[in-house]
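The values are calculated or read from the model by the stated rules, or taken from the named source; none is laboratory data. Because the structure is a prediction, the values reported are computed rather than measured. Every residue, glycine as well, gets a Cβ built from its backbone with ideal geometry; the counts of neighbours run over all protein chains shown.
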Amino acid sequence: MRRITIIGTGYVGLVSGAGLSEFGHHVICSDVDKNKIKELKSGQIPIYERGLESLVKQNVAKGRLHFSWDVHKVIQDSEIIFITVGTPQGNNGESDLGAVESVAKAIGENLNGYKVICTKSTVPVGTGKWIEDIIRTIQPNADFDYVSNPEFLREGAAIKDFMHPDRVVIGTRTSKALEVMREVYRALYINETPILSTSVETAEMVKYASNAFLALKISYINEIANLCEMVGADVHEVARAMGLDGRISPKFLHPGPGFGGSCFPKDMHALVATGLKNNSPLPTIEAAIKTNVSQKTRMVGKLKRLINDLNGKTVAVLGLAFKPQTDDVREAASKVVVSELVKSGVIVHAYDPIAIENFKNHFPDINYFGSWQGAVKDADACIILTEWNEFRGMDLGELKTLMKVPIILDTKNILNIQELESLDFTYDNVGRRKSE
Ligand code: UGA
């Protein structure tokens, strides 16, 4: 059992804190946001993530998970410090490391004996060295080891990803730090999870190279889907056949309205910025970013073709979250689509099972509904932007009866084309057959 402090109780921090306490460690999650810590102390979970609330509550009840806003004290009390603060996109696509810098300074000011300082936040290659320098500038003889331990958590599946990861990457400079980290992940080690030991810089790079590769795959299949539309091929069959080649794998080959979320877009920009800074450009990634931006607006073009003039029409937007099982709308295709629709004079009727409140912060003036049935009532067209199961299971007969005109754009390709045809829907999708 180790004494661990997590600095930055956001998404990654809270999931990691809960997961590490479940592994049996004594964990304190800290944050400068006193309100957030107050909420957590009173049993409220500030973010939606499947399974997180019960994991937090169980470990709080067992006395292994605590919360604190006294960052200075928790640094002093810990053996291992995880840095899990946000690294939003700053100028020129580079990551904004302001929060990381203030944590590094706080660590430098409070270090009291040997500790392992481990970054989980996604930070550009070279940040580890920079953090070490900040700490040593404040305390030249500081006794610590620096570790890079990137996270590979998917929103909506983060607890599962933390408890059963494909791999754990530990970038260290000393065998002493590696031993400590192996102990931190002992529970996984026993399960034979691959634990990869690398240099700090390699670990930093693994994170960006992995995310950018997954995002590349999506932009690639979206381009292929767009071409399928022109030549009369079906992208689902193409992707399935491609995916059966073990070298390709079927994952992340689902076409759609363009990827979103807090990670892929930001990380790709940051990787491109790192490439330019190091005189080693990444034109493939730059192209994938462009494809993703145009894929989102392409959906609006499709809708225009389906209903001719958008002005004054009522369009039901089903799905606002950037993907299912999350209420996160960051970089979601829905934001681009709704913004374009509003500009074109469309009356937007929006519905999402859980992301409405977050979406309201960006679009307070569109019409929100508590069910898909409410949103599609008397609509001139309907667009699906998130593959929530309740949209997969929609009764298309009921949908047709509720809508003014049976026009549907299924950007997630979740509806059955034969059924749409037998009900005489005018329909379109991404990369498959569309109505005549
Ligand atoms: C992503 C990575 O998958 C995680 O491994 C990583 O840890 C995380 O970023 C991070 O850096 O923290 P996440 O952003 O939660 O996780 O979401 P994904 O499930 O990867 O989906 C990202 C976007 O790609 C979504 O908009 C999704 O709809 C889209 N997508 C995904 C597709 O359009 N097609 C696919 O085949 C897969």
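Among the candidates Ala288, Ala350, Ala316, which residue alone is within 16 Å of the ligand (Cβ to nearest atom), surrounded by 18 or more Cβ atoms within 10 Å (Cβ to Cβ) and of a type in the set (Gly, Ala, Ser)?
Ala288
Among the residues of region 20-61, write down those that are part of a helix (DSSP H, G or I), more than 29 Å from Tyr189 (Cα to Cα) and among the aliphatic types (A, V, I, L, M).
Correct list: Ile37, Leu40.
Which residues, taken from region 367-392, are surrounded by fewer than 17 Cβ atoms within 10 Å (Cβ to Cβ) and not in a helix (DSSP H, G or I)?
The answer is Asn367, Gly370, Ser371, Lys377, Asp378.
Among the residues of region 307-364 satisfying the criterion of being over 23 Å from the mean Cα position of the chain (by Cα) and of a type in the set (Val, Ile, Thr), which is farthest from Leu153 (Cα to Cα)?
Among those that are over 23 Å from the mean Cα position of the chain (by Cα) and of a type in the set (Val, Ile, Thr), it is Ile307.
Looking for whichever is of a type in the set (Gly, Ala, Ser) and surrounded by fewer than 20 Cβ atoms within 10 Å (Cβ to Cβ) here; the options are Ser148, Ser197. Which one fits?
Sole residue among the options that is of a type in the set (Gly, Ala, Ser) and surrounded by fewer than 20 Cβ atoms within 10 Å (Cβ to Cβ): Ser197.
State whether one or more residues within region 283-291 are assigned to a loop (DSSP other than H, G, I, E, B) and either in contact with a strand residue (DSSP E or B) (Cβ under 6 Å, 6 or more places away or on another chain) or outside the structural domain of Thr122 (by TED's automatic domain parsing) (or both).
no
Scan region 131-143 residue by residue and report those that are more than 31 Å from the chain's Cα centre (by Cα) and surrounded by 13 or more Cβ atoms within 10 Å (Cβ to Cβ).
Arg136, Ile138, Gln139, Ala142
Could you please find all residues in region 81-113 being of a type in the set (Ser, Thr, Tyr) and under 20 Å from Cys29 (Cα atoms)?
Matches in region 81-113: Thr84, Thr87, Ser102.
Please find, within region 319-346, the residue that is nearest to the ligand (Cβ to nearest atom) out of those that are among the charged types (D, E, K, R), farther than 26 Å from Ser435 by Cβ and assigned to a helix (DSSP H, G or I).
Going through the qualifying residues, I end up with Lys335.
In region 238-266, which residues are aliphatic (A, V, I, L, M) and either part of a loop (DSSP other than H, G, I, E, B) or within 6 Å of the ligand (Cβ to nearest atom) (or both)?
Leu244, Ile248, Leu253, listed by residue number.
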